[in-house]
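Here the structure comes first, spelled out in structure tokens, and everything after it is commentary.
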Amino acid sequence: MSMVREIAGLVVLAGGVFFVIVAAVGQIRLPDVFCRSHAIGKAMTLGVMLIVLGYGLSVPDAPWLKLILLLIFQLMTIPVASHLFCLIAYRKGVRRYRAKAVWEEGEWERIGNAPQE
Amino acid sequence: MIVDLLKLLLCVLLFGSVAAGLWRLNRGPTTLDRLLGLDLTTITIMSIVLVFSALTGTVEFIEFVLLFSALGFLTTVSYFYYLMQLPPEDEEFDAGDGR
């Protein structure tokens with residue numbers, strides 16, 4: 001029984017770490033403040049919630065009340081922070097990323113940040 | 001034991017995510033990008049503490065995790081309160097060529 005709990009905790013922890021790394025890759029690869037805060041607000045929330053669940057599964061006498069408090073807190077604060085990033089960027093007029101595709105050498109080639117109209 | 005070894009591997013992978021956040025903190029074209037890197041670093045450090053607690057089986061770091069996540073959120077909100085005072089034509093908000 002203990003072995004089953006350990007394996008389940010490890011699997012859930014691995015899923016959470018996968019989603020956190022997805023958020024980090026999005027942070028590096030995405031072109032814009034809006035896109036990056038999108039990566040934080042969705043992948044990071046799911047990853048952190050899975051990590052908290054995996055911790056609760058893999059520790060025998062886990063304090064579930066504090067873990068549920070932590071879950072609710074994360075679920076409230078990470079999307080709010082992500083929304084605030086987009087709000088400030090919109091109010092301050094940060095230039096949005098606009099991809100433009102040009103026909104060149106027989107294939108479409110994308111050029112980042114075309115001028116705003 | 002193989003489960004503990006895999007949890008240690010997960011810790012090492014999360015340090016890669018911290019490196020990504022610090023890279024964005026150094027690189028980002030605008031202030032908001034730097035703040036995003038700080039946010040990612042904070043939440044990932046919290047996750048590292050949780051995975052390490054699961055590795056060693058302790059329950060004593062949960063209060064630290066709660067306080068640290070609350071501090072990260074408060075840091076973000078207070079920086080936003082500062083940024084709202086800046087004029088919109090501030091050059092900190094010019095993204096340059098986007099990357």
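Nothing in this text is a laboratory measurement; each read-out follows from the coordinates by a stated rule. This structure is a prediction, so every number in the text was calculated from the model and none was measured. Cβ placement follows ideal geometry from the backbone for every residue including glycine, while neighbour counts extend to all protein chains displayed.
Any chance you could give the angle, 0 to 90 degrees and rounded to 10, that helix B:31-56 forms with the longest Cα principal axis of chain B?
Between the helix axis and the principal axis of chain B, the angle is about 10 degrees.
As a footprinting exposure proxy, order A:CYS86, A:CYS35 by other Cβ within 10 Å, with the fewest listed first.
Lowest to highest Cβ neighbour count: A:CYS35, A:CYS86.
Please determine, in degrees from 0 to 90 and to the nearest 10, the orientation of helix B:62-83 with respect to the longest principal axis defined by the Cα atoms of chain B, where the helix direction is its Cα long axis.
With both axes taken from Cα atoms, the answer is about 10 degrees.
Can you tell me which of A:VAL52, A:VAL17, A:VAL25 moves the most in a GNM of chain A? Springs connect C-alpha atoms under 10 Å apart.
A:VAL25
What angle do you read, to the nearest 10 degrees and between 0 and 90, between the alpha-carbon axis of helix A:2-29 and the longest principal axis of chain A?
Result, in degrees: 20.
If you count, for every residue in B:33-41, the Cβ atoms of partner chains within 10 Å of its Cβ, what is the mean?
The shielding value for this peptide is 5.
Net charge within 13 Å of A:ALA14 by Cβ-Cβ distance, Lys/Arg positive one each and Asp/Glu negative one each, not counting A:ALA14 itself?
Charge balance in the 13 Å sphere: 0.
Where does each of A:GLU105, A:GLU6 land when they are ranked from fewest to most other beta-carbon atoms within 10 angstrom?
Numbers: A:GLU105 6, A:GLU6 18.
With the fewest neighbours first, A:GLU105, A:GLU6 line up as A:GLU105, A:GLU6.
Could you tell me the distance between the Cα centroids of the range A:12-67 and the range B:6-58, to the nearest Å?
If we compute the Cα centre of each part, the gap is 10 Å.
Using only atoms on other chains, find how many Cβ atoms lie within 10 Å of each Cβ of peptide A:5-12 and report the average.
2
Rounded to two decimals, what ratio of Rg to Rh does the range B:1-43 give with C-alpha atoms and a Kirkwood Rh?
Looking at the range B:1-43, the ratio lands at 1.21.
For chain A, set up a GNM with springs between Cα atoms under 10 Å and report which of A:LEU13, A:LEU46, A:LEU87 has the largest fluctuation.
Looking only at A:LEU13, A:LEU46, A:LEU87, the biggest GNM fluctuation is shown by A:LEU87.
Rounded to the nearest 20 debye, what is the charge dipole size of chain B about its Cα centre when +1 sits on each Lys and Arg Cβ and -1 on each Asp and Glu Cβ?
For this selection, approximately 420 debye.
Could you tell me the largest-minus-smallest coordinate of the C-alpha atoms of chain A on each of the three principal axes, in descending order and whole angstroms?
62, 37, 12
For every helix of n ≥ 4 consecutive DSSP H residues, a contribution of -39,500 (n - 2.57) applies; sum these over the protein assembly as shown, divide by its total residues, and give [θ] at 222 nm rounded to the nearest 500 deg cm²/dmol.
-24500 deg cm²/dmol
According to the Kirkwood expression over distinct Cα-Cα pairs, how big is the hydrodynamic radius of the protein assembly as shown, in Å?
Computed over Cα pairs of the protein assembly as shown, the Kirkwood hydrodynamic radius comes out at 18.4 Å.
Pairs of lysine in the protein assembly as shown with Cα under 27 Å and at least 8 positions apart or on different chains: total?
So the count works out to 6.
Whats the longest run of chain B with zero GluC sites (Glu not before Pro) that are DSSP loop and have at most 16 other Cβ atoms within 10 Å?
Numbers: sites that count: B:GLU60, B:GLU89.
The longest uninterrupted stretch comes out as B:1-59.
Would the range B:1-91 count as rounded, prolate or oblate if I go by the C-alpha gyration tensor, calling it rounded below 1.5 in a/c and otherwise prolate when a/b exceeds b/c, oblate otherwise?
Values: a/c = 7.23, a/b = 1.98, b/c = 3.66.
It comes out oblate by the Cα gyration axes.
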